[in-house]
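Asks: The structure that follows is given in the form of structure tokens.
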């Protein structure tokens, strides 16, 4: 009988999701089995690397732009979490680099963080994920796809500005948003990496247990803050212009306005509760995330 214990790797260890996944893994998996990768040029890399090393986690350099770093990083890895790049301008090339390196290293299973209903989603950002999923299928590398829905934190970051204005603006209409907390998605990724079950070929559509409209989010914010907050539904281009005027980069403003417009067409809704099943508990309710955002750090 084999006594081999799989080595697990998490890419993007200095990122918000990567940090959460590693924290969950360390609750159940010996640190000696965990490898975390960081980008050498990342300003927080050395601090995070030192913290992870102090817990007994092996830290390796993996730069999606430099394939030679990926070969060394993935050597001897049985299962890896491939966190999608946030550099939209070069993401497809970076993802191809990661998949080809995983194939060369003969990684036993690659778990990729995609987007909810990537194959049919009207979200502009879904195109890169569809391409990456196709690359995985063509590569011959065993894989599992974690199609993450919207992060509730995407809205929580707007709370101070919304309270200052007294209005929550958007383009989502009456679209229902089944978001979940980043910690929920991280728990799912950790569960997949550490599972004793063979999940090869599985595609998980991950979303929150309960859905809400942005108008309902504004109502909940009013209730919890004690201040009147309304929801203003704007045409997509008008909302995009408002975000740019507020100081957001054009690319980010376009991404957010497109995501809202797609939400109006159901892009951020799912009610199959696969996320709940993976993590073995209810997902974090939007009101709980909102309460935490109002409390502050």
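The values are calculated or read from the model by the stated rules, or taken from the named source; none is laboratory data. All values derive from a computational prediction rather than experimental measurement. Note: ideal-geometry Cβ built from the backbone for every residue, glycine included; neighbour counts use all protein chains shown.
Asks: Can you pull out the residues in the range 128-180 that are in contact with a strand residue (DSSP E or B) (Cβ under 7 Å, 6 or more places away or on another chain) and part of a helix (DSSP H, G or I)?
Replies: 129, 132, 133, 136, 162
Asks: What residue, of 25, 88, 52, is assigned to a loop (DSSP other than H, G, I, E, B) and either touching a residue at least 12 places away in the same chain (Cβ under 8 Å) or surrounded by 15 or more Cβ atoms within 10 Å (Cβ to Cβ) (or both)? Working first, answer last.
Replies: Values: 25 fails: assigned to a loop (DSSP other than H, G, I, E, B); 52 fails: assigned to a loop (DSSP other than H, G, I, E, B).
None of the other options fit; the residue is 88.
Residue by residue, here is whether (1) more than 24 Å from the chain's Cα centre (by Cα); (2) loosely packed, with under 15 Cβ neighbours inside 10 Å holds:
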| residue | (1), (2) |
| --- | --- |
| 211 | no, no |
| 226 | yes, yes |
| 229 | yes, no |
| 237 | yes, yes |
| 242 | yes, no |
| 264 | no, no |
| 281 | no, yes |
| 288 | no, yes |
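Asks: Considering only residues that are part of a loop (DSSP other than H, G, I, E, B) and touching a strand residue (DSSP E or B) at 6+ places or on another chain (Cβ under 6 Å), which ones fall in the range 181-210? Explain how you work it out, then say what you get.
Replies: In the first step, residues of the range 181-210 are kept if they are part of a loop (DSSP other than H, G, I, E, B); the result is 181, 195-202, 207-210.
The answer is 199, 202, 208.
Asks: Here's another thing I want to ask about it. Is it the case that residue 118 is crowded, with 19+ Cβ neighbours inside 10 Å and part of a loop (DSSP other than H, G, I, E, B)?
Replies: So residue 118 fits the description; yes.
Asks: Here is a follow-up. Checking the conditions here, which among 40, 75, 102 is in contact with a helix residue (DSSP H, G or I) (Cβ under 9 Å, 6 or more places away or on another chain) and at pLDDT 95 or above?
Replies: Numbers: 40 fails: at pLDDT 95 or above; 75 fails: in contact with a helix residue (DSSP H, G or I) (Cβ under 9 Å, 6 or more places away or on another chain).
When all the criteria are applied, what remains is 102.
Asks: Just checking, does the range 101-113 include any residue being under 21 Å from residue 205 (Cβ atoms) and not in a strand (DSSP E or B)?
Replies: Looking through the range 101-113, none of the residues is under 21 Å from residue 205 (Cβ atoms) and not in a strand (DSSP E or B).
Asks: Report yes if some residue within the range 75-83 is in a helix (DSSP H, G or I) and surrounded by fewer than 15 Cβ atoms within 10 Å (Cβ to Cβ); otherwise report no.
Replies: No; the residues of the range 75-83 include none that is in a helix (DSSP H, G or I) and surrounded by fewer than 15 Cβ atoms within 10 Å (Cβ to Cβ).
Asks: In the range 248-256, is there at least one residue being under 15 Å from residue 179 (Cβ atoms) and either out of contact with any helix residue (DSSP H, G or I) (no Cβ under 7 Å at 6 or more places or on another chain) or touching a residue at least 12 places away in the same chain (Cβ under 8 Å) (or both)?
Replies: Within the range 248-256 (the criterion being under 15 Å from residue 179 (Cβ atoms) and either out of contact with any helix residue (DSSP H, G or I) (no Cβ under 7 Å at 6 or more places or on another chain) or touching a residue at least 12 places away in the same chain (Cβ under 8 Å) (or both)), the answer is yes, since at least one residue qualifies.
Asks: Of 221, 294, which residue is more than 21 Å from the chain's Cα centre (by Cα), closer than 17 Å to residue 179 by Cα and part of a helix (DSSP H, G or I)?
Replies: Numbers: 294 fails: closer than 17 Å to residue 179 by Cα.
Just a single option satisfies the conditions, and that option is 221.
Asks: Could I ask something else about it? Only one of these conditions is not met by residue 259: (1) out of contact with any helix residue (DSSP H, G or I) (no Cβ under 7 Å at 6 or more places or on another chain); (2) buried (at least 21 other Cβ atoms within 10 Å of the Cβ); (3) assigned to a loop (DSSP other than H, G, I, E, B). Which number is it?
Replies: Among (1) out of contact with any helix residue (DSSP H, G or I) (no Cβ under 7 Å at 6 or more places or on another chain); (2) buried (at least 21 other Cβ atoms within 10 Å of the Cβ); (3) assigned to a loop (DSSP other than H, G, I, E, B), the lone unmet condition for residue 259 is (3).
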